[in-house]
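Asker: Take a look at the following structure, please.
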Amino acid sequence: MPTVCQALVGIGKQNRREIRTASRLPRRERARAHGLSSLACSGKSTGCPSQVVQAPLTMGEREEDGAEEAWLQLRPVEPLPSQCCGGGCSPCVFDLYHRDLARWEAARASKDRSLLSGQESQSCPSKLSPETFLAFRISAMDKLTKDTYCVRFALPGNSQLGLQPGQHLILRGIVDDLEIQRAYTPISPANTKGYFEVLIKCYQTGLMSRYVESWRVGDTASWRGPFGGFFYKPNQYGELLMLAAGTGLAPMVPILQSITDNADDETFVTLVGCFKTFEGIYLKTFLQEQARFWNVRTFFVLSQENSPEQLPWSYREKTRFGRLGQGLIEELVRCCRRKPFALVCGSAEFTEDVARCLQCAGLTGDSYFLF
């Protein structure tokens, strides 16, 4: 079995209502007993009647109550925890709630509904926005593995989505009257016109998974964005060391594509995909095509297989078995042709473990990015 360096060199040669019960304020009632002034009476001791006859509300009081009720109906609804994707997006759904609540309180205090116009003007957005959801039609839905789909969404005309490589979107779903939101990264090239594609893995107990599996071509789904703190610039790094587990491959795909599509970008790329089995590797054809470029190498780590003989010949030299651990990461860093900048994406456990290994391998905090 050749070392990683030998294998990679060889390959390189081959070219987020509580249903916030908007509790209405109780209607104002005045105790007036046959012309008596309001007294804090206790019935028999003061001679007050046991039943207080309440005078009907005046016209002005009814109008005031009606206005108060109308304002309460306009009060923003606090999001449920399920409506936060947990990805640290800015603005988060809770940020938007607090902004709209402050706007509502200011409008209510001044009795000026026009101050709410900023919120209402976004009810029908015409283009992608981090603050408001926009519906896109599903034009294709391909099942890549038993639990993973590549879903294509149509864009109006020949327009582009407007994301930078590696940025992500927030998907909103409704399951059992519960709103949920999750983050996904489009895998289509950033300059793709007329559509964008998303890689989505479904889980047996996942609420969003139930929503996704109910989709059919022609349905619509609502997205907002873009989000993301990593912005790639051509030739910014000597080499990108991409370490991805499962669908963590998604943000790597458009970044890699942008490099190979740009003849002036001489960034080296070493992409390491970690999967359970060979059959579970996503986008095999795309990865094979990318590995033909002079500056791209691909490498795989399979955690539930141990026999190279069961793999196609073209994968045997660039596949290791087990898990991506300290020793292998150190070897990968050493084998990089230039000083690497690492990109890491996967489960929270995977990301934390890999970050620790990268530090032990000599990479400082400004030498890697965790999606």
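The values are calculated or read from the model by the stated rules, or taken from the named source; none is laboratory data. Because the structure is a prediction, the values reported are computed rather than measured. Every residue, glycine as well, gets a Cβ built from its backbone with ideal geometry; the counts of neighbours run over all protein chains shown. Just so you know, the surface numbers come from the protein's heavy atoms only, side chains and all, with ligands and any DNA or RNA stripped out. Shrake-Rupley method; radii C 1.70, N 1.55, O 1.52, S 1.80 Å.
Asker: Evaluate segment 317-338: report whether one residue or more is open to solvent by less than 20 Å² (accessible area, probe 1.4 Å) and of a type in the set (Ser, Thr, Tyr).
Answerer: Yes - at least one qualifying residue is present in segment 317-338.
Asker: Shifting gears a bit: Hey, among the residues in segment 345-367 that are assigned to a helix (DSSP H, G or I) and among the hydrophobic types (A, V, I, L, M, F, W, C), which one's farthest from GLY273 (Cα to Cα)?
Answerer: It comes out as CYS360.
Asker: Which members of segment 283-317 meet the condition of being modelled with pLDDT under 95, outside any helix (DSSP H, G or I) and under 30 Å from ASN235 (Cβ atoms)?
Answerer: GLU317
Asker: Does segment 264-283 contain at least one residue that is aliphatic (A, V, I, L, M) and at positive phi?
Answerer: For segment 264-283, residues aliphatic (A, V, I, L, M) and at positive phi: present.
Asker: LEU169 - would you say it is more than 27 Å from GLY280 (Cα to Cα) and under 15 Å from the mean Cα position of the chain (by Cα)?
Answerer: No; evaluated as a whole, the condition is false for this residue.
Asker: Looking at ILE170, ILE174, ILE180, which one is closer than 24 Å to PHE230 by Cα and not hydroxyl-bearing (Ser, Thr, Tyr)?
Answerer: Sole residue among the options that is closer than 24 Å to PHE230 by Cα and not hydroxyl-bearing (Ser, Thr, Tyr): ILE170.
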